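Structure first, then comments.
The values are calculated or read from the model by the stated rules, or taken from the named source; none is laboratory data. Nothing here was measured: the structure is a model prediction, and the numbers come from that model. So basically every Cβ, Gly included, is an ideal-geometry build from the backbone, and we count neighbours across all protein chains shown. Accessible surface is based on the protein model in full, side chains and every heavy atom, while ligands, DNA and RNA are left aside. Shrake-Rupley method; radii C 1.70, N 1.55, O 1.52, S 1.80 Å.
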Amino acid sequence: MKHTVKAGAYFLVIMLLIAGCTSPGGLHDDELMDGPPGAADRDGAEVIGVDEDCKPPCAFPRGALEDPASPLSQRLVFFDFDKSDIKPEYQQLLIDHGRYLASYPDTKVRLEGHTDERGSREYNLALGEARAKAVRRVLLLQGVPADNISVVSFGEELPLDVGHDESAWTQNRRVEIVYDVIN
């Protein structure tokens with residue numbers, strides 16, 4: 001009996017660990033990581049960086065953050081009401097940011113979680129943090145060092161749109177990707 005309870009406890013712990021490793025919203029880690037950072041572009045062609053300070057292989061040159069034509073110029077990830085799941089349309093964007101950050105280990109990023117005005121202050125702070133942590137998980141899967149990512153929640157305190165309708169609320173449910181160190 002003692003061994004059966006012990007075995008059952010081990011089984012339960014293992015199952016909880018496995019469940020804790022799954023990504024939100026049905027996204028699986030293998031869907032978010034399709035090779036080493038920068039190994040190939042979307043067409044499968046090899047991408048080699050030209051920056052000497054880039055940890056190879058480079059997915060983007062250092063200046064890609066300032067290039068309006070680069071996907072890295074988009075730094076807002078929007079969420080559905082009361083959700084922290086990454087929408088499919090933001091998966092590739094986050095993979096690209098993750099590859100960039102993994103290529104330049106001296107670059108740090110701050111993920112700022114935001115919500116709309118509905119809900120209590122405490123709830124919105126927790127939801128903003130959950131959204132930022134969901135983005136963080138995707139970046140970590142791309143090989144970004146955990147120490148290079150910070151998470152902060154502003155809840156409803158810093159809206160993009162100060163309106164009080166669905167259009168405004170849609171803009172305010174977001175995570176902003178803020179690069180702290182760009183050399």
Discussion item. Probe radius 1.4 Å, ligands and nucleic acids ignored: give me the carbon and sulfur share of the accessible area of the range 144-183 as a rounded percent.
Written reply: 54
Fill in: Potential lengthening between A69 and H164 on full extension [0.36 nm per residue; Cα-Cα distance subtracted]
30.9 nm
Worksheet entry | Accessible area (Å², 1.4 Å probe, nearest 10) - D80 | 80
Item to complete: Mind checking the per residue accessible area of the range 107-149 for me, 1.4 Å probe, whole number of Å²?
Response: 41
Worksheet item: Stretch V178-D80 to full length: gain in nm at 0.36 nm per residue minus the Cα-Cα span?
Response: 33.2 nm
Discussion item. Using only the heavy atoms of the protein chains and a 1.4 Å probe, how would L141, L72, L127, L158 rank by accessible area, largest first?
Written reply: L158, L141, L127, L72
Item to complete: Please give the residues of the range 115-158, grouped as numeric ranges, whose backbone N is less than 17 Å from a label point set 7 Å along the Cα-to-Cβ vector of K87.
Response: 115-117, 128, 131-132, 134-135
